[in-house]
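To start, the structure under review is shown below, and the notes come after it.
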Amino acid sequence: QVQLMESGGGLVQTGGSLRLSCAASGSVYSINAMGWYRQAPGKQREWVATLIRGGSTNYADSVKGRFTISRDNAKNTVYLPMNSLKPEDTAVYYCHLSNWSGNYWGQGPQVPVSS
């Protein structure tokens, strides 16, 4: 089993910045990918960014150029610095990890962006 502990959410103003962190613990072996999804009020969960084993990164068009995903392998932690935040970025952000034993999700910190 893998446990994901997120931190860094909170209220931010339009144009502001915030950094989310997600620390993985437990059976953290052979990680295929770590990333972030988000779910806005009344909408389905959507993919935001992924960091694949080997270091490749991918971003949704809506966040490209504003969000950057990175990972500290020694700490099994993935980060998501978010810049130039917009009201439409308001959502619950979920950390995701995929490895040999399955897919795991964090609890989802809220990120409200005020206009």
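In segment 59-66, the condition of being over 13 Å from the mean Cα position of the chain (by Cα) and at pLDDT below 95 is met by no residue. Check whether at least one residue in segment 96-103 is within 11 Å of the chain's Cα centre (by Cα) and aromatic (Phe, Trp, Tyr), and report yes or no. Checking segment 96-103: not a single residue is within 11 Å of the chain's Cα centre (by Cα) and aromatic (Phe, Trp, Tyr). Taking the criterion of being in a loop (DSSP other than H, G, I, E, B) and open to solvent by less than 60 Å² (accessible area, probe 1.4 Å), the residues of segment 26-61 that qualify are Ser27, Val28, Ala40, Gly55, Ala60. Is it the case that some residue within segment 11-24 is assigned to a strand (DSSP E or B), open to solvent by less than 30 Å² (accessible area, probe 1.4 Å), at pLDDT 95 or above and among the β-branched types (Val, Ile, Thr)? The answer is yes; a qualifying residue exists.
The values are calculated or read from the model by the stated rules, or taken from the named source; none is laboratory data. Everything numeric in this text was worked out from a predicted model, so none of it was measured. These accessible areas exclude ligands, DNA and RNA; they are computed on the full protein's heavy atoms, side chains included. Shrake-Rupley method; radii C 1.70, N 1.55, O 1.52, S 1.80 Å.
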